[in-house]
1. Report yes if PHE70 is under 20 Å from TRP103 (Cβ atoms), under 14 Å from the mean Cα position of the chain (by Cα) and among the aromatic types (Phe, Trp, Tyr), otherwise no.
2. Inspect all residues belonging to the range 75-94 and state whether any of them is surrounded by 13 or more Cβ atoms within 10 Å (Cβ to Cβ), of a type in the set (Gly, Ala, Ser) and over 11 Å from the mean Cα position of the chain (by Cα).
3. So which strands (runs of 3 or more DSSP E) are wholly in the range 21-118 and hold at least 3 residues that are within 30 Å of ILE7 (Cβ to Cβ), in contact (Cβ under 8 Å) with a residue 40 or more places away in the chain and not polar (S, T, N, Q)?
4. Go through the range 1-57 residue by residue and tally those that are surrounded by fewer than 21 Cβ atoms within 10 Å (Cβ to Cβ), touching a Phe, Trp or Tyr at 6+ places or on another chain (Cβ under 6 Å) and more than 19 Å from ARG92 (Cα to Cα).
5. Could you list, in sequence order, all residues of the range 90-119 that are under 14 Å from GLU12 (Cα atoms) and of a type in the set (D, E, K, R)?
Amino acid sequence: MPHFPAIIGRSEQLDFVDLGVVVPAKIDTGAYRSAIHCVSAKEHKHDGGNILRAELLGHPSSPKTYTLEFARYELVSVKNSFGDEAIRYKIRLRVKLGSKVFWSSFTLADRSNNLMPVLVGRELLNERFLVDVSKTSVDRLKLKEIFIKSTKDDYESEY
């Protein structure tokens with residue numbers, strides 16, 4: 001059976017299946033990894049090993065915080081568009097985008113200065129989706145109105 005990628009827009013609603021929450025996500029074909037807003041993340045000893053306890057979301061446009069524990073996680077190096085490097089935790093979550101449900105990795109980042117709590121990068125998009133930048137399922141102006149949020153990515157086109 002042939003495989004055809006689904007078409008998505010520059011911002012979409014991303015469903016975190018196991019959390020039962022749908023959040024706005026910015027689609028960024030310039031970013032390799034995806035990132036989710038994280039309030040805090042700490043490693044703890046558990047049964048002779050380490051677990052990562054993370055408080056995810058808790059962002060103005062997705063205010064409820066979800067505390068999750070991960071036995072499988074890793075530290076990765078991430079460079080931003082300015083070339084600054086940071087070390088972040090990387091975890092895997094089950095998501096639904098469009099009609100597709102799958103596991104994908106996310107780095108944990110402070111996205112409190114961004115309008116959307118999730119950034120979707122090429123690793124998640126690859127061979128699953130085509131991005132049509134003229135489309136969107138998220139109304140940025142309405143999102144700003146609801147959450148009265150001034151962000152560093154306000155320079156982006158509102159259309």
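Any read-out appearing in this document is the output of simple, stated calculations on the displayed coordinates, not a laboratory observation. Fair warning: this is a prediction, and the values are worked out from it, not measured in the lab. We place every Cβ from the backbone using ideal geometry, glycine too, and count neighbours over all the protein chains shown.
1. Working: under 20 Å from TRP103 (Cβ atoms): yes; under 14 Å from the mean Cα position of the chain (by Cα): no; among the aromatic types (Phe, Trp, Tyr): yes.
No, not satisfied.
2. no
3. Working: elements: 21-27, 34-46, 49-59, 62-70, 74-79, 85-97, 100-109.
By residue number, 21-27, 34-46, 49-59, 85-97, 100-109.
4. Looking only at that region, the number is 2.
5. Going residue by residue through the range 90-119, those that are under 14 Å from GLU12 (Cα atoms) are 95-100, 115-119.
Correct list: LYS96, LYS100.
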